[in-house]
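Asks: The following block contains the structure, expressed as structure tokens.
All of the numbers you see were taken from the coordinates with simple rules; none came from a lab. Given the structure is predicted, the values throughout are model-derived calculations rather than measurements. Positions of Cβ are backbone-derived with ideal geometry, glycine not excepted, and every protein chain shown enters the neighbour counts.
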């Protein structure tokens, strides 16, 4: 018998860890509240409390899985997000988790919007393109022209060669990485070829 399983990867740290847009697009960010001094516990006390709660936590998770298995075929997720199967499973489990219908998708959309914003703020290419298109509907040109326009207009964002790519290949790859997150910000990036020589052209469009 063959079982297919997927195990999530958990990362923790002080800054936003999913700075790359492609990683942020597949992540759920959770910012934990600060524990007041009067409520802090030793590891031993925490482990004892968790051991007492563990059967109830497991039972709740199994109830959620049972509910999802029962409802999964009847659940429809319109405008499915990235990780659509994951989203559909949680929607199917909502009744067992005590959540109102649609609560998870609303929360997930808000979480992804925060992740998008953090990814944009950490990406000089995305920031420079958004600044270039502020108040503008359309821009067309080559990768060289776009890179030079960004460097000329926004030197503070583009002067670091480690974070802002200098070569055409790396710049093109950086543009493709920020495509999804900028699309959700209302800005599309399209690539095409023109003329007999097949000159590569980049088109930026704000909706």
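Asks: Please state the shape class of region 43-119: rounded when a/c is under 1.5, otherwise prolate if a/b exceeds b/c and oblate if not, all from the C-alpha gyration tensor.
Replies: Oblate is the answer for region 43-119, as a/c is 1.5 or above yet b/c matches or exceeds a/b.
Asks: With the cut-off at 1.5 for a/c, could you classify region 160-199 from its C-alpha gyration tensor as rounded, prolate or oblate?
Replies: It is oblate, given that a/c is not under 1.5 and a/b is not larger than b/c.
Asks: Quick one: if the Förster radius is 25 Å, what FRET efficiency do residue 173 and residue 85 give, using the C-beta to C-beta distance and rounding to 0.05?
Replies: The value I calculate is 0.35.
Asks: Another question about this same structure. With just the Cα atoms of region 69-207, tell me how far they stretch along each of the three principal axes, in Å, largest first.
Replies: Its Cα atoms span 56, 37, 28 Å along the three principal axes.
Asks: Given the -39500 (n - 2.57) contribution per DSSP H run of 4+ residues, what per-residue ellipticity at 222 nm results for the chain, rounded to the nearest 500 deg cm²/dmol?
Replies: -16500 deg cm²/dmol
Asks: Then there's this: Taking a spot 7 Å from the Cα of residue 22 along the direction of its beta carbon, which residues of region 128-164 have an amide N less than 18 Å from it?
Replies: Those under the cut-off are 163-164.
Asks: Using only Cα atoms and rounding to the nearest 10 degrees, what angle (0 to 90) does helix 43-71 make with the longest principal axis of the chain?
Replies: Approximately 80 degrees, to the nearest ten.
Asks: Now a separate question. Can you tell me the 0 to 90 degree angle between the C-alpha axis of helix 143-153 and the longest principal axis of the chain, rounded to 10?
Replies: 90 degrees
Asks: Something else: Just how many % of Cα pairs in region 1-156 lie over 23 Å apart, if you round to the nearest whole percent?
Replies: Percentage above 23 Å: 61.
Asks: In degrees, nearest 10, range 0 to 90: what is the angle between the Cα axis of helix 103-121 and the longest Cα principal axis of the chain?
Replies: 40 degrees
Asks: Using alpha-carbon positions, what is the distance between the centroids of region 99-119 and region 122-146, in Å?
Replies: Taking the Cα centre of each part, region 99-119 and region 122-146 sit 27 Å apart.
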